[in-house]
Amino acid sequence: MSDNKTESSAAQAVADRMSDAGEAVLASTDGAERTQLGWGWSEASEQERRRWFYTPTDHGGLAVADMTPGQYQRTMALVAAGLSEAGYATVTTIMGLENLLDRTEGFAGFSFSRQRGRDPGEYRLRIFGTPGERTWGWRFGGHHVSLNNLVVDGELVSSTPCFLGADPAESPLLGSATLRPLGGAEGLGRALVRSLDEAQLAKAVLCPRAPTDIVSGNRTSAGVGDRVVPVGDLFRGRFADPELTSQMDAVHEAAEQYYGITEVDHQAVELTATPLGVPASALEADQRALLLALLDCYTGRAPEELIEREAARYAGPLLDEVHFAWAGSLEPGSAEPGSAGACYYRLQGPRLLVEYDNTQRLANHAHSVWRDPEGDFGADALAAHRAAHHS
């Protein structure tokens, strides 16, 4: 069997699993629940499908808090169908962190215009189209989780944007252990930047100060000139409560001031057509191995059957075009004023944009995203499908 046939078979197996899980969730709902959960495939639903968030806003869909236990279980079966075991473990851990974050804020943090601001019940599922048909998709999201999947002609063709965050990024566990849901993604990034020699470092480091968030934000498409989106603009519309709007604006301004972010810094890290940083072609063998391990923190989110397909996009000489860029402290917990060990890195290459940022809450609040600038939300696969079947 050819590699292409093997990949197609794997993508079909994942799509079949998703279809079964999606059908089961839909079959358990009716009335208002069905309206919230299932959207037919249309121009309006397509616009909504391409809206995504990673803030504690209304992500759109049926909230797990409004589901019966059985519906919740079926929803999580669908979520698991779109992730590796490690990816699913990370997502469910992040969801549980809402309870810890609530405690961190004294159970009296931001309300976000609802009864409980930090609410593990506010993760939502929305299904677009009908599972099992030629074109359908689903989105699951809430604070620090955004999963976006598209199935075309019976195969899973897209799983990006895929966002995972953690607040706190690090917290204590009994027995002197530490919970770090994104610890591997940061640790490998730091190991790679510390392995660079002076010449490599000069190319890799864009700025001594890390931006206060991922640069691409929650834009539908990542593109040239993108800069950090102010936190108040990352929600589903501006808040009706002027006090809450003011609070969100103040959070962004305070972070920029604390780290001393300047216009020069924003220019240094904005997205460019030609990738910034050091290319993998300039790395030694052990450094390339670190880069591949770092990439696996993102492509390894895919279902087990498809991890190899995703990793193959950057295997061998294909890795040469991937660039690694860094901003911020080279060491965790740096004593540099305004640093607190804050860091940011980017992996950019053909059909690849990875961003990791850990700056907020004194570098104990991490964001990470895996994107395909040409094929986010399956844009390329949909275009090919329409050309083949609707021309």
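The values are calculated or read from the model by the stated rules, or taken from the named source; none is laboratory data. Every value quoted in this text rests on a predicted model; they were computed, and no experiment measured them. All Cβ positions, even for glycine, are placed from backbone atoms using ideal geometry, and neighbour counts span all protein chains on display.
A count restricted to segment 181-199 and to residues that are farther than 28 Å from GLY96 by Cβ and among the small types (Gly, Ala, Ser) stands at 2. Restricting ASP226, ASP286 to residues that are surrounded by 15 or more Cβ atoms within 10 Å (Cβ to Cβ), of a type in the set (Asp, Glu), at pLDDT 95 or above and closer than 24 Å to LEU192 by Cβ narrows the list to ASP226.
Can you report the number of residues in segment 47-85 which are in a loop (DSSP other than H, G, I, E, B) and under 12 Å from SER28 (Cβ atoms)? Number of matching residues: 2. The set of residues from segment 326-336 being surrounded by fewer than 23 Cβ atoms within 10 Å (Cβ to Cβ) and either of a type in the set (Asp, Glu) or touching a residue at least 40 places away in the same chain (Cβ under 8 Å) (or both) comprises LEU330, GLU331, PRO332, GLU336.
Consider GLY106 carefully, then state whether it is exposed (fewer than 14 other Cβ atoms within 10 Å of the Cβ) and either in the same structural domain as ALA366 (by TED's automatic domain parsing) or part of a loop (DSSP other than H, G, I, E, B) (or both). Yes, satisfied. Considering segment 176-197, and only residues there that are modelled with pLDDT of 95 or more and assigned to a loop (DSSP other than H, G, I, E, B), the residue that is surrounded by the fewest Cβ atoms within 10 Å (Cβ to Cβ) turns out to be ASP197. Once segment 128-149 is narrowed to residues that are touching a Ser or Thr at 6+ places or on another chain (Cβ under 7 Å) and not in a strand (DSSP E or B), the residue that is nearest to LEU362 (Cα to Cα) is HIS143. Consider segment 150-175 and keep the residues that are part of a loop (DSSP other than H, G, I, E, B) and touching a Leu at 6+ places or on another chain (Cβ under 8 Å). The one that is farthest from ARG49 (Cα to Cα) is GLU170.
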